[in-house]
1. Report whether or not V411 is without any contact (Cβ under 8 Å) to a residue 60 or more places away in the chain and more than 14 Å from the chain's Cα centre (by Cα).
2. Quickly run through region 570-601 and pick out the residues that are outside any loop (DSSP other than H, G, I, E, B) and over 30 Å from H93 (Cα atoms).
3. Here's a check for you: in region 64-100, which residue that is out of contact with any strand residue (DSSP E or B) (no Cβ under 6 Å at 6 or more places or on another chain) and of a type in the set (G, A, S) is nearest to K268 (Cα to Cα)?
4. Is it the case that E290 is surrounded by fewer than 18 Cβ atoms within 10 Å (Cβ to Cβ), in contact with a Lys or Arg (Cβ under 7 Å, 6 or more places away or on another chain) and over 30 Å from T136 (Cα atoms)?
5. Every residue in region 299-329 that is touching an Asp or Glu at 6+ places or on another chain (Cβ under 8 Å) and of a type outside the set (K, R), please.
6. So, in region 376-399, how many residues would count as being in contact (Cβ under 8 Å) with a residue 60 or more places away in the chain and either β-branched (V, I, T) or not in a helix (DSSP H, G or I) (or both)?
7. Take the residues in region 582-605 that are among the charged types (D, E, K, R) and under 30 Å from A549 (Cα atoms), then tell me which one is surrounded by the fewest Cβ atoms within 10 Å (Cβ to Cβ).
8. Check region 154-171 and report whether any residue there is in contact with a helix residue (DSSP H, G or I) (Cβ under 9 Å, 6 or more places away or on another chain), over 22 Å from I365 (Cβ atoms) and polar (S, T, N, Q).
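The values are calculated or read from the model by the stated rules, or taken from the named source; none is laboratory data. From a predicted model like this one, the values you see are computed outputs, not experimental measurements. Heads up, the Cβs are rebuilt from the backbone with ideal geometry, glycines too, and the neighbour counts pull from every protein chain shown.
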Amino acid sequence: MLEMINKPNDIKKLEVKDYKLLAKEIRRFLIKNVSRTGGHLASNLGVVELTMALHLVLDFPKDKLIFDVGHQSYVHKILTGRKGGFAHLRQFHGMSGFPKRKESDCDAFHSGHSSMSLSVALGMAKARDLNHTNETIVAVIGDGALSGGMAYEALNNMVQLREEKKNLIIILNDNKMSIAENVGGMSAYLNKIRMKKEYVDLKDNVEHSLLKIPAIGKPLTKAIKKSKDSIKHLFVPGMMFEDMGLTYTGPIDGHDLPLLIDTLEQAKKLEEPVIIHVITKKGKGYRPAEKNPEKFHGIGPFYIKDGEVISKSSKPSNTAIFSDTLLQAAKKDDKIAAVTAAMPEGTGLKKFGEEYPERFFDVGIAEEHAVTFCAGMAANGWKPVFAVYSTFLQRGFDQVLHDVALGNYPVIFGVDRSGLVGADGETHQGIFDIPYLSMIPNLTIMAPINGREIKEMLLYALNHATGPIAIKYSRGEAETLLEESFQKIEYGKGQIIHRGKDAVLVAVGNIFCEAYEAMKLLEAEGYEIGLVNPRYLKPFDQKLLDELAQTYDCIVTIEEGILHGGFGAGVMQYLYQNGYTGRVRNIGINDVFVEHGSIKELRQMLKLDGKGIADSVKEMLSN
């Protein structure tokens, strides 16, 4: 069956009897290909029938399908003629693991972060109505994403479509999981709805019976539907979605293809926004993923037989060192608390939660709330540590500035996945944290160059913080370079690693190892190069910079982040404002979004590997 799917809408050529076989082939295709490249598997296995139903009912690319987050779009890519791209899924210059408009006009909107789909869908619906066109617009959002406040802002705004008699379809893909198991009030609310299947059956029977009554059946049914005291409130507590102006249907079986098709066809006919509550099983069809969907949310290459990852490093990761240090510190200090936004496994805090459940807080996919929650804890005498991916902390920028830094509360941010992340691409690269954090008063930013520094910086922050501190560290194995020559952490102080006379490299955090290699390459060609570990990006070690200015005619800053507003820009500003007459070069990432690929490949492309840095320094010295 899959051989017949080569372009959008090809699925409509199949016979109904072949749908079940196609679903089986899609799952087999996903498991086979993701086992080779890695990727998001469990979420895609769970939406096979749902995505098939959408493609059978919708017309692509005319109709618009918006995936929240977008990691569950693999089946959509298969059904829009992109099977061949899976050989290089999430690889350099290969197919993205997320929807990309530049990749296909069937991808209505790019995504990568949570809780955005409803706002996008509502905006597209309003544009459709202003354009006087008739395309169907569908948003697919997971139950985990409903913990994000932006989703509620959109829901609150959707009542206007009901008043204007305009259609919009929302699919609530309810699998009881976001990445980790869902938490909070919305999860509890949906659990209540799931338990009330008898309501759905009774509602249908009552309406069917009423419609049979001559003359008064139809108006009576309409009156009951409109009534706030309708039968729904007897069976489903709150009926929040209906009260917000949405017609709610469900929950329905997300793996019952005929039921999904029929429900979607009916939803298309409604002149109002409708939410279809679909129950799916994450990892369906592959036992290891069904048993451990969190592991298979995003996984590297694995053995199909047992689901074990093929190449798992025995070396500790930066994340593991940070989380283990936090756990050890919490044994001695009962005021330390750990906070995550639905990422206990990814940020390494799962062990903390198991050992100290009363001091561990998973707030769901709600980074803004997590930041201000931490501010409240810190204001009341606690030491909250919020471990969060760099790309997701962006979403809490206002809260960091207004709620934490303005009050100078000692919240510690473990900024994980800082710098290039790799296969997840543009939406996940942690290359913006220096510019967006360094502009905030009262906020200290630390950048460790190896695993030892991660540990010591966190302990220093826990013991000495009088205001907010961000410690930024990269994804992957912890670096061991120069651990044997570790020097004690002092607030605001950098470290001269090597002295030279031709130029000095000032390299930030995780890119330090590449600068070290560049120094060795340049020394092999006869140059004498200095090397500095700044440790603190804010505040600058001004005394150290003054010493460098007096010693070197060429100062080179190196960072794995955006140059505009970055560390190097601040160093250059300081030096020239204080009368430096030598040359300064900032090496980093220009004003671009960085595509997906391995970190090694991306560094080579951006000339941020040892050779690229060495070439840039030689060019500078030769002019």
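1. yes
2. G570, V571, M572, Q573, Y574, L575, Y576, Q577, R583, V584
3. G70
4. It is true that E290 is surrounded by fewer than 18 Cβ atoms within 10 Å (Cβ to Cβ), in contact with a Lys or Arg (Cβ under 7 Å, 6 or more places away or on another chain) and over 30 Å from T136 (Cα atoms).
5. Of everything in region 299-329, those that are touching an Asp or Glu at 6+ places or on another chain (Cβ under 8 Å) and of a type outside the set (K, R) turn out to be F302, S313, P316, S317, N318, T319, F322, L327.
6. Number satisfying all stated conditions: 4.
7. So the residue we want is D591.
8. Yes - at least one qualifying residue is present in region 154-171.
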